[in-house]
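Down below is the structure, laid out as C-alpha cells.
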Amino acid sequence: MQLLLGRPSGLLFYLRYNFNMPWEILKWVGLVIVIVFAGTALTGAPFVPSRRKELDIIFKKLYKLSKKDLLVDLGSGDGKVLKAASDFGARALGIELNPFLAIFSKIRFISNPRVSTKMSDFFHGDLPLDTTVVYVFGDGRDMKRIAKKVEEQAQKMKHPVYLISHAFEIPGHKIQKRCRAYMLYKINP
Ligand SMILES: C[S@@+](CC[C@H](N)C(=O)[O-])C[C@H]1O[C@@H](n2cnc3c(N)ncnc32)[C@H](O)[C@@H]1O
C-alpha cells in the first residue's frame, strides 16, 4: 500500500489491472494525485518518510519514549513515526495535510487504539493538552513558525513540551541533546 501511495504510477497500474478502469479516467486520477502531492510540497515539507531504524534509536537514546507519553507528529506522512511511537507503548496523534496520506494513515491505524490521525494543517488548531512530545520532520523555512506554535501550545498546556526535530535546527533555541540528524529541544511554557 505504501508503494502504491508512494508512486502514483504504481497506484494507476493497480487500479487498471485490478478494477479494469479505463486509462482516460486513470489519467485524471494521476493528475489529481500529482497536483495534491505537489501542492502540499509547496505549502510545507514534501513527503519523505523518517527511517524506522533511526526512530528506534532516537526513542531510546534521544528521548526515552514510554507509555506515559503522547507524541504528536506534525506532518505525519504515512504514519511511520506514529507506528514506532505506539510500538514503544506511547499514544500518538498524527496531523497531515495531504489527503491521500491522511486517509492512508486513518486506514492503517483503524484498529490501533493508541494512534489517532487527523487531516489538517498543523499550524491551525490546538494540540491535545496532555501532549508530552512533538516530532517534526519539516521544512527548514518553517522551523521558526513551528517553534512559535509549540511555544504557544506549551503555554496553554502549562507544562514543558519536548520537541524532536529531524534534520533542521530551530533558530534561537538551545539544543538539549543531539543524536544523528535529530535534535531535542525543551519548550517551556
Ligand atoms: C518530510 S515528511 C515527514 C513525514 C513523517 N513525519 C515522517 O517523519 O515519516 C513531511 C510531511 O508533512 C506534511 N506537511 C507539510 N506541511 C504541513 C502542514 N502545514 N500541516 C500538516 N502536514 C504538513 C507533508 O504532507 C509530509 O507528509
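Rule-based calculations on the coordinates, nothing more; no lab input. This one's a predicted model, so the numbers in the text were calculated from it and none came from an experiment. All Cβ positions, glycine included, derive from the backbone under ideal geometry; neighbour counts span all protein chains shown.
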Notebook entry, point to check: Considering the dipole of segment 18-147 built from charges on the beta carbon (Lys and Arg +1, Asp and Glu -1) around the Cα centre, which of Phe123, Gly44, Phe137 is farthest to its positive end?
Noted result: Phe137
Notebook entry, point to check: Once the mean 1/r over all distinct Cα pairs of segment 87-172 is inverted, what Kirkwood radius in angstroms do you read off?
Noted result: 14.0
Check: So what's the net charge close to Gly39: Lys and Arg +1, Asp and Glu -1, counting the other residues with Cβ under 15 Å from its Cβ?
Finding: -3
Next item on the list: Kindly express, to the nearest 10 degrees and within the range 0 to 90, the angle between helix 99-108's C-alpha long axis and the longest C-alpha principal axis of the chain.
Entry: 80
Notebook entry, point to check: How many nm is it between the label spots at Ile175 and Glu152, if each spot is 7 Å from the Cα in line with the beta carbon?
Noted result: 2.7
Margin query: Need the full-extension length gain, Asp87 to His124, defined as separation in residues times 0.36 nm minus the C-alpha distance. One decimal, nm.
Written below: 10.5 nm
Checklist line | Ordering of 88-101, 62-75, 150-163 by packing [mean C-beta count within 10 Å, highest first] | finding: 88-101, 62-75, 150-163
Next item on the list: Please list the non-local residues whose amide H lies under 5 Å from the amide H of Tyr135, H modeled 1.01 Å from N, same-chain partners needing a gap of 5 or more.
Entry: Val72, Asp73, Leu74, Ile164
Check: Given 5 Å bins starting at zero, what is the percent of C-alpha pairs of the chain in each, up to the one with the largest pair distance?
Finding: 1, 8, 16, 20, 19, 15, 9, 6, 4, 2, 1, 0
